[in-house]
Amino acid sequence: MLFDEELIDLLKRTIQKEGCIDLPSEGDSMYPLIQKGEICRFIPCEPSLLTKGDITLFWAESGQLVVHRFYHKEMIQGFPHYVFKGDTNLGFDLPVSKDRIVGKLLYVQKASRKVNVEDLHAYAWGKLILAMPVLSGLLRKYLNKRKRPQF
């Protein structure tokens, strides 16, 4: 785990020093807001100031960098842990300790435009996905169908 901690520290120091960090997206867990190959800009964040719906970059126990939506904080063995979920995922991620949180999404650079998380469409989408969890299942079905080969 030492490697993970060194990489988290490097990412955090880079964001603090530069004010942001740009990373390409992988996967489809935040579809349609974030799609594979789009560039995501992250800014520093204080985990205790996260609000429900914030899209956050964190280092998961699996060893992967993950970008998911913040849902709530819970105390585990006397320490705060943060619970996230991808918009198209059916279940929540394992709780994350504050030291594994790297940054908060500022915008997504799409092919034709930049989508700031505070833009009306992105904000409305966030509120909708939080209010209607059934959308996650519908999006997952759509993505699974889209990936199947058509005969």
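The values are calculated or read from the model by the stated rules, or taken from the named source; none is laboratory data. For clarity, every value in this text was computed on a predicted model and none was experimentally measured. Neighbour counts run over all protein chains shown; Cβ positions are idealised from the backbone, glycine included. Areas reflect the complete protein model, heavy atoms only, side chains present, ligands, DNA and RNA absent. Shrake-Rupley method; radii C 1.70, N 1.55, O 1.52, S 1.80 Å.
Numerical summary
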read-out	value
Summed side-chain charge close to E38 - residues other than E38 whose Cβ falls under 12 Å, Lys, Arg +1, Asp, Glu -1	+2
10 Å binning of all Cα-Cα separations within the chain, expressed as whole percents from 0 upward	11, 39, 37, 11, 1, 0
L49 accessible area, assembled protein chains, probe 1.4 Å, Å²	130 Å²
Cross-link pairs K73/K104; K36/K147; K73/K114; K36/K114; K36/K98; K98/K127 - those with Cα-Cα distance over 21 Å	K73/K114; K36/K98; K98/K127
Ordering of 27-40, 110-123 by packing [mean C-beta count within 10 Å, highest first]	27-40, 110-123
Once the Cα gyration tensor of the stretch 93-147 is diagonalised, semi-axes √(5λ) in Å	22, 20, 14
Alpha-carbon centroid distance for the pair the stretch 1-76 / the stretch 114-151, whole angstrom	19 Å
Length-normalised contact order for the chain - Cα pairs under 8 Å, 6+ apart - percent	21 percent
